[in-house]
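Enquirer: I'd like to ask you about the structure that follows.
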Amino acid sequence: MEGLVLRVRLISGDTMDVTYDDRTAASESEAVDHVITTLSQSSGVLRCRHGDRLLVLYARGVATVEVAPRGAVL
């Protein structure tokens, strides 16, 4: 499965586009479910990419997540 592009709004109000790649997910909907489940936990952490950089996204800093398989430009 290709990576999902997530538009993340942080609790500070800033937004950023990151790519989340889950090689264990068989479908896009499974990957989206994993993102939602992980970020709904107070100790949830996702490893994402922002351009060439590895980014660790902590659930406690995220206000909203928008999923766009091909939408955002990184």
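Enquirer: Run down 30, 66 and say which single residue is surrounded by 12 or more Cβ atoms within 10 Å (Cβ to Cβ) and farther than 16 Å from residue 8 by Cβ.
Expert: None of the other options fit; the residue is 30.
Enquirer: Would segment 18-30 turn up any residue that is under 12 Å from the mean Cα position of the chain (by Cα), at pLDDT 90 or above and not hydroxyl-bearing (Ser, Thr, Tyr)?
Expert: yes
Enquirer: Checking the condition over 14 Å from residue 66 (Cα atoms) and either free of Cβ contacts under 8 Å to residues at least 40 places away in the same chain or polar (S, T, N, Q) (or both), which residue from 25, 31 passes?
Expert: The match here is 25.
The values are calculated or read from the model by the stated rules, or taken from the named source; none is laboratory data. Keep in mind it's a predicted model, so treat the numbers as computed, not measured. Neighbour counts run over all protein chains shown; Cβ positions are idealised from the backbone, glycine included.
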